[in-house]
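A.B. asks: This is the structure I have questions about; it appears just below.
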Amino acid sequence: MSLELIPIGTILAVLTNQVIKTAQAAKNVVYEKESFKVLSKHLFDIELVLKELQLKKLNDSQAVRLGLESLEADVEKANNLVEKYKNKARFYLLVKCRHIVNEVQEVTRDIGRSLASLSLATTEVLSEISDQVHRLQNEMQRVEFEASRSQLDILDKLNQGLRDQKLDQGFANDMLEEIAMAVGVPVEPSEISKELASFRREKEEAANRKERAEVLFLEQVIELLSRADAARDYEEVRKQYFQRLQVIERYDSMEDYIEPLTPFICPITGTVMVDPVSLSTGTTCERAAIEAWLDCGEKMDPGTGVDSTELEALSQMQDLVRESSINKDWISIGGLTDIIISILGSSHNKDVRRKILITLKHLVEGHARNKEKLIEYQGWDHIVPCLGRDPSISQAAVELLYKLLQDRSGWNISGCRKLSQQCFSILFLVTLIKGPVKESAEYAEKIMHKLFDVDEESICCAAKSGWYKPLIDRMIEGSESSRISMVKALINMELVDSNLELLGKEGIIPPLLDMMVSGSFQSKEPSLSLLVKLSGSDTNKELIAAAGGIPLVLEFMFSSHVRTIIIVRCSEILEKLSSAVQQNFNSSHNARKPALRSLFRICKSEAELVKTAVLKANAVSVILPLLDDTDSEIRETAINLLFLFSHHEPQGVVEYLLKPKRLEALVGFLENDEKSDVQMAAAGLLANLPKSELSLTMKLIELDGLDAIINILKSGTMKAKENALSALFRFTDPTNLESQQSVVERGVYPLLVNLLRVGSVTAKARAAALIGTLSTSSPKLTAMPKSAGCWCFLPSRAHLCSVHGAVCGENTTFCLLKANALPDLVKLLQEQVHATAYEAIQTLSTLVQDGCQQRGVNVLHQADAIKPTLEILTWGTDSLKVEALGLLEKVLVYKDMVDNYGSTARLLLVGLTGRNVGEDGCLARKTTRVLSLIERYSTSSTSLIPGLFG
């Protein structure tokens, strides 16, 4: 009946039923179910649209009928697709997964387009659900499906293997297993056989459909998978072999005869050997026959050219394996595997041995039964010794060994455990790892890492063979018991210096230190014992220090709750680190004094170690209590160490010193004229303490600490004076005039001026800086004298300071002019030494402070200080040039100064600006400002720098 004659309501009802049927069928598809599930959902949504059309009594029209006809055709295609794939062979479904997904995607989009046509024809009827319909048709037309990533990976691997013509049994086993697991088929010969049979039927159906490309592809896949072990029933293979053997044995002697391989024929008896043995010449004979041969007095080799025929036979076996993988089974069933293993154990011909190993690798590759047989038979014992032969044999042996240790699940654990129990095999493998043949080393390392997982003792065996990294890795990642086991193994090993050095380079020290800190006592003692052993190497000393070992050892050394054995081990480590000779300890002082001396020598010679000791452990708190020790040597060494530590952690020292009686001890060190190193350390410690601790400063003044520091400036060594000068800064803070007064009243100014002349560079720089801090306070201490009732009683101008305009003195106003420091400060500028010139320029700048700027400028001019300041612009560093420009900015504000120095300054500044505009913004800005001062008084209307001043 024509579609035009069928009522529109009937068409809708039939189409609705067809949609429901197809949606339900798609929902139940078990393969590529995600794609079919989405199709099913969309069809159920279309069902709702069709029912809405039925409820609204759809008007009949040509457009509506065409829309329904198109939708019906597409739903029919979807139904056919579901029927097509719901009962297909599972292997076929996987290899066609990409194609199937594309088909589902295409039919879904077609249905979406048909729905869109229908919705346009029924716009008024579907007005209430138009949004839902619009969304649905858009989703269906744009839908994108893709097979699961795991399936696509399998398919890509399969296609690549076919393109590369990888037809070996190992690849076939892998692909069969992956495909079977992906589609839920057990990897058993019976199940695989059924699935392959179904797969072949799919190929035949494709042939009937004349789909040549698909047939070719399916044939390739079936051929590959049929090579896999699981695709064969072993009993059937065995049955086939003996059937062929019976056929051969029934041949009449007059008929054609398949000769056995010559190398397996005894040259004495002429028959296939059952119990072969090899002579020293390489000839192989039946054991009983050769014994009888020798008993008869024969001394000649019973055969000639045997080695070459053995090589030929092995080549034939390899050819058989390449021809068909079933020959692997037949060679094993026929006993040939046992024969060549026996020859491997007795032959002296390296070419024969190598070829046997390669042949065995072909026989076991991808063949689980042959692997098991080789491990169970004597093959294992004959293969392992070959690892220690020349490179060609050892490479073939390690490759065969690696293949033997693989099974379908990954590694053959029982085989790995058996191998790990043979220490000589580990020695061979380690030798290969360290050897020149990269391929052998890679195989050997893979095997070794698996042995480590199976048996931890093999890690120690590897270390005994000189491969330490696995042991160190286990110390980093293993459990505490495992780490202790590794450490004890190393302690018991005989290790020469090169071994110790290698252990250090491989990274053993950090995990050892970690065991010291976080481990139990059972791990602390062995880790320290091993560190004692390692610290005998000079290279390891540096590594121990760099890893923070010194503060850790120190902390243990002086901890009150550790056992004596720990203290002894710590002392031995510190002794070795400082290259000292340690004697037996009779008391705690005898144990600690050399340890302290060792630590001080180490920290004094390696500055970076001080930071390590302070920052990675609370070394300051460990040493501080030793200042109270009854032994003077311990106290003096402690103060030396604290001076070094205070560069990095001064706060803890302050808190300790502010406790009763502690500061007196420090002052005592400052007053110790007999020990210059102790004086220097005490002054340096004081210099490093925070200057914001005012209570400490005032307490030191009360305890005569300031007097002791000034006495060091008078009579101490130059190093002690340098530290004493640094310590003085805490007493000369410009915000504390009272403290400054205490310093000046004690006669410090002449000492500072003297050091400007005769001190070291460091002492000169610090003395200049101290004079500057005092000079900063001069304007606050000077004021115009007040009237005493009559102007005639005012002091004469000759008695007024030429800078401050008042009556000045070195002890009253801290005036550097009255202290006669100005000539020596100017001389520091002329010496052109950066450190001293920097401090001198800053100190000279205190003479041109607000309120006395013009007078100060004139004094500097008269003292000839301006010229060397200008010269700094030719030789100083950028930071020094900035300071010089700051002073010149104060000087060249006056016209008479510009008249004197302007031309010289202009030339220097222009050149300086040209070189540094892009390098140092601060320097450039200051240069520009000083130039602008000069230009302000210039008689020329043209600027030297175009655009700079308008």
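The values are calculated or read from the model by the stated rules, or taken from the named source; none is laboratory data. Here the structure is a predicted model, which is why all the values come from computation and not from measurement. Positions of Cβ are backbone-derived with ideal geometry, glycine not excepted, and every protein chain shown enters the neighbour counts. Areas reflect the complete protein model, heavy atoms only, side chains present, ligands, DNA and RNA absent. Shrake-Rupley method; radii C 1.70, N 1.55, O 1.52, S 1.80 Å.
A.B. asks: Cα-Cα over 20 Å: which of LYS827/LYS881; LYS371/LYS403; LYS33/LYS210; LYS659/LYS699?
C.D. replies: Exceeds cut-off: LYS33/LYS210.
A.B. asks: How many times 2.2 N^0.38 Å is the alpha carbon radius of gyration of segment 1-131?
C.D. replies: 1.12
A.B. asks: State, to one decimal in nm, how far the label point of ALA863 lies from the label point of GLU633, with both points 7 Å from Cα in the Cβ direction.
C.D. replies: Here the answer is 5.1 nm between the modelled labels.
A.B. asks: Turning to a different aspect of this structure: Provide the net charge surrounding LYS157, with neighbours chosen by a C-beta distance below 15 Å and charges set as Lys +1, Arg +1, Asp -1, Glu -1.
C.D. replies: That sum, taken over residues with Cβ under 15 Å, equals -3.
A.B. asks: Semi-axes of the equivalent ellipsoid of the chain: what are they in whole Å, largest first, if each equals the square root of 5 times a C-alpha gyration tensor eigenvalue?
C.D. replies: 91, 54, 27
A.B. asks: Could you derive backbone 3J(HN,Hα) for segment 658-674 from the dihedral phi with the Karplus parameters 6.51, -1.76 and 1.60 (θ = phi - 60°), listing whole Hz in sequence and x where the residue is Gly or Pro?
C.D. replies: 6, 6, x, 6, 6, 5, 4, 5, 5, 4, x, 5, 5, 8, 7, 5, 7
A.B. asks: What whole number of Å gives the distance from the Cα centroid of segment 64-102 to the Cα centroid of segment 820-851?
C.D. replies: 97 Å
A.B. asks: Short version: ³J(HN,Hα) in whole Hz for each residue of segment 541-553, in order, from phi by Karplus 6.51 cos²θ - 1.76 cosθ + 1.60 (θ = phi - 60°), x for Gly and Pro, what are they?
C.D. replies: 4, 5, 5, 4, 5, 5, 8, x, x, 4, x, 5, 4
A.B. asks: Quick one: grab the alpha carbon gyration tensor of segment 836-940, order the square roots of its eigenvalues as a ≥ b ≥ c, and give me rounded if a/c is under 1.5, else prolate or oblate depending on whether a/b is larger than b/c.
C.D. replies: Oblate.
A.B. asks: Follow-up. What ³J(HN,Hα) values, in whole Hz, does the Karplus curve 6.51 cos²θ - 1.76 cosθ + 1.60 give for segment 530-536 when θ = phi - 60°, with x put for Gly and Pro?
C.D. replies: Using θ = phi - 60°, the values come out as 5, 5, 4, 5, 5, 6, x Hz.
A.B. asks: Please work out how much length the chain gains when fully extended from ASP673 to THR877, using 0.36 nm per residue of separation minus the C-alpha to C-alpha distance, in nm with one decimal.
C.D. replies: Full-extension gain reported as 69.5 nm.
A.B. asks: Under the rule of -39500 (n - 2.57) per DSSP H run of 4 or more residues, summed and divided by the residues of the chain, what mean residue ellipticity at 222 nm is obtained, to the nearest 500 deg cm²/dmol?
C.D. replies: -21500 deg cm²/dmol, from helical runs alone.
A.B. asks: If the cut-off is 21 Å between C-alpha atoms, which lysines fall inside it for LYS533, apart from same-chain ones fewer than 8 positions away?
C.D. replies: Counting by Cα, and skipping residues close in sequence, LYS533 has these lysines nearby: LYS464, LYS469, LYS488, LYS505, LYS524, LYS541, LYS576.
A.B. asks: Considering only the other residues whose Cβ falls under 11 Å of the Cβ of VAL743, what net charge follows from Lys and Arg at +1 and Asp and Glu at -1?
C.D. replies: With Lys, Arg at +1 and Asp, Glu at -1, the neighbours total -2.
A.B. asks: For the chain, with only Lys/Arg (+1) and Asp/Glu (-1) charged at the beta-carbon, what is the dipole magnitude about the Cα centre, in debye rounded to 20?
C.D. replies: Here the chain has a charge dipole of around 3780 debye.
A.B. asks: Counting only protein chains, not ligands or nucleic acids, how are SER518, SER879 ordered by accessible area (probe 1.4 Å), most first?
C.D. replies: SER518, SER879
A.B. asks: Then there's this: Output the peptides 328-335, 525-532 sorted from most to least packed, where packing is the average of other Cβ atoms within 10 Å over each peptide's residues.
C.D. replies: Highest mean packing first, the order is 525-532, 328-335.
A.B. asks: Tally up the carbon and sulfur contribution to the accessible surface of the chain as a whole percent, 1.4 Å probe, everything protein left in place.
C.D. replies: Carbon and sulfur together cover 50 percent of it.
A.B. asks: Separation between the VAL654 and GLU494 pseudo-spin-labels, each 7 Å from Cα along Cα→Cβ, expressed in nm?
C.D. replies: 5.9 nm
A.B. asks: Taking the Cα centroid of segment 526-574 and of segment 309-371, what is the distance between the two, rounded to the nearest whole Å?
C.D. replies: 58 Å
A.B. asks: While we're on this one: Per residue, how much space in cubic angstrom lies within the convex hull of the C-alpha atoms of segment 365-467?
C.D. replies: Dividing the Cα hull volume of segment 365-467 by its residues yields 86 Å³.
A.B. asks: Here's another thing I want to ask about it. Show which lysines lie in cross-link reach of LYS37 when reach means a straight Cα distance below 19 angstrom and same-chain residues fewer than eight apart are skipped.
C.D. replies: LYS21, LYS27, LYS77, LYS84, LYS86, LYS88, LYS96
A.B. asks: Another question, if that's okay. Using the beta-carbon distance between ARG936 and ASP538 and R0 = 51 Å, what value does 1/(1 + (r/R0)^6) give for FRET efficiency, to the nearest 0.05?
C.D. replies: The formula returns an efficiency of 0.15 here.
A.B. asks: Now a separate question. Expressed as cubic angstrom per residue, what is the convex hull volume of the alpha carbon set of segment 437-528?
C.D. replies: 97 Å³
A.B. asks: Under a 1.4 Å probe, what is the accessible area of the chain per residue, stated in Å²?
C.D. replies: Per-residue value: 47 Å².
A.B. asks: Could you work out how much longer the chain between ARG369 and GLU323 gets when fully extended? Use 0.36 nm per residue separation minus the Cα distance between them, nm to one decimal.
C.D. replies: Stretched out fully, the ARG369 to GLU323 stretch lengthens by 14.6 nm.
A.B. asks: Just going by the charge dipole of the chain, with Lys and Arg at +1 and Asp and Glu at -1 on Cβ, which of LEU429, ASN540, THR913 is farthest out on the positive end?
C.D. replies: Positive-most Cα among the choices belongs to THR913.
A.B. asks: Set the Förster radius R0 to 56 Å, insert the Cβ-Cβ distance between HIS561 and VAL761 as r into 1/(1 + (r/R0)^6), and round the FRET efficiency to 0.05.
C.D. replies: Step by step, r from the Cβ atoms, then E = 0.70.
A.B. asks: Pull out a ≥ b ≥ c, the square roots of the eigenvalues of the alpha-carbon gyration tensor of segment 668-785, then state rounded if a/c is under 1.5, prolate if not and a/b is larger than b/c, and oblate in the remaining case.
C.D. replies: oblate
A.B. asks: Could I ask something else about it? Run the numbers for THR271 and ARG929: contour at 0.36 nm per residue of separation, minus the present Cα-Cα distance, in nm.
C.D. replies: 225.6 nm
A.B. asks: Also, I was wondering about something else. How many nm separate the modelled label positions at GLU204 and ILE476, each set 7 Å beyond the Cα in the direction of the Cβ?
C.D. replies: Modelled inter-label distance: 6.1 nm.
A.B. asks: Related question: How big is the dipole moment of segment 317-361 about its Cα centre under a simple scheme where the beta carbon of each Lys and Arg is +1, that of each Asp and Glu is -1, and everything else is neutral? Debye, nearest 20, please.
C.D. replies: Roughly 260 debye for segment 317-361.
A.B. asks: Taking the Cα centre of segment 89-185 as origin and charging only Cβ (+1 Lys, Arg; -1 Asp, Glu), how large is the dipole, in debye to the nearest 20?
C.D. replies: Around 180 debye, computed over segment 89-185.
A.B. asks: Further, regarding this structure: Place the peptides 96-107, 134-145, 35-46 in order of packing, highest mean first, counting for every residue the other Cβ atoms within 10 Å and averaging per peptide.
C.D. replies: Ranking the peptides 96-107, 134-145, 35-46 by packing returns 35-46, 96-107, 134-145.
A.B. asks: Please tell me the relative contact order of the chain in percent, rounded to the nearest whole number, where contacts are Cα pairs under 8 Å and at least six residues apart.
C.D. replies: Reported relative contact order: 4 percent.
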